[in-house]
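Working notes, beginning with the structure itself.
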Amino acid sequence: QVQLVESGGGLVQAGDSLRLSCAASGLPIMVYGMGWFRQTPGNERVFFTAINWNSSRTNTTDSVKGRFIISRDNATNTVYLQMNSLEPEDTAVYFCAADRFGALEPTTQGYDYWGLGTQVTVSS
């Protein structure tokens, strides 16, 4: 049974940092591309960063470039998202996802497995 479990979300103030984790089980993520998406109420899930299997490539949108950093540890089957200089506009539920082709697609259709998400709330 494949499971992706996000953790590390919470309530922070603008300018603070958070580190999210995505722990995988039942899935050898070392052969998967991994991505992070976020979603606000009433809106679609939006891609913002992904990393390939050996960390040699990333795909990051301008909305978070320079503030958010994706990384992975294949030995522990975990993907991380370091979020710095958080803004109220970053408030969302954050999801990790696994892509068996490692294409780092910026769309939800490019991913095969999903976690249930973790809430990040940034107050002004």
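Give, as a single signed number, the net charge of other residues whose beta carbon lies under 13 Å from the beta carbon of Leu104, with Lys and Arg counted +1 and Asp and Glu -1. In short, +1.
What do you reckon, how do Leu116, Leu11 stack up by accessible area (1.4 Å probe), largest on top?
Numbers: Leu116 160, Leu11 135 Å².
Correct descending sequence by accessible area is Leu116, Leu11.
Annotation: amide H-H contacts under 5 Å for Glu87 (H modelled 1.01 Å from N, sequence separation of 5 or more, or interchain): Gly15. Run the accessible area of the chain with a 1.4 Å probe and give the carbon-and-sulfur part as a rounded percent. Of all accessible area on the chain, carbon and sulfur atoms account for 49 percent.
Dipole of the range 8-124 computed with +1 at Lys/Arg Cβ and -1 at Asp/Glu Cβ about the Cα centre; of Ala97, Gly26, Ser123, farthest Cα towards the positive end is Gly26.
Between Asn54 and Gln1, the C-beta separation translates, for a Förster distance of 25 Å, into a calculated FRET efficiency of about 0.45. Of the residues Phe101, Phe47, Phe37, the one that moves most in a GNM of the chain with alpha-carbon contacts below 10 Å is Phe101.
Sketch the reach of a paramagnetic label on Ser25 as a point 7 Å from Cα along Cα-to-Cβ, and name the residues of the range 65-87 whose backbone nitrogen lies under 19 Å away. The answer is 73-80. Think of each Lys and Arg Cβ as +1 and each Asp and Glu Cβ as -1; about the Cα centre, that makes the dipole of the chain roughly 220 debye.
For Pro41, what charge total do you get from the other residues with a beta carbon under 15 Å from its beta carbon, if Lys and Arg give +1 and Asp and Glu give -1? Mind showing how you got there, number by number?
Working: positive: Arg38, Arg45; negative: Glu44, Glu89, Asp90.
Net charge in that neighbourhood comes out at -1.
When peptides 18-25, 66-73, 55-62 are sorted by average Cβ neighbour count within 10 Å, with the highest value leading, the order is 18-25, 66-73, 55-62.
The values are calculated or read from the model by the stated rules, or taken from the named source; none is laboratory data. Every value quoted in this text rests on a predicted model; they were computed, and no experiment measured them. Don't worry about glycine lacking a Cβ; one is built from the backbone with ideal geometry, like all the others, and counts go over all protein chains shown. The protein model used for the area step is the full one, side chains on, heavy atoms only, and it has no ligands, DNA or RNA in it. Shrake-Rupley method; radii C 1.70, N 1.55, O 1.52, S 1.80 Å.
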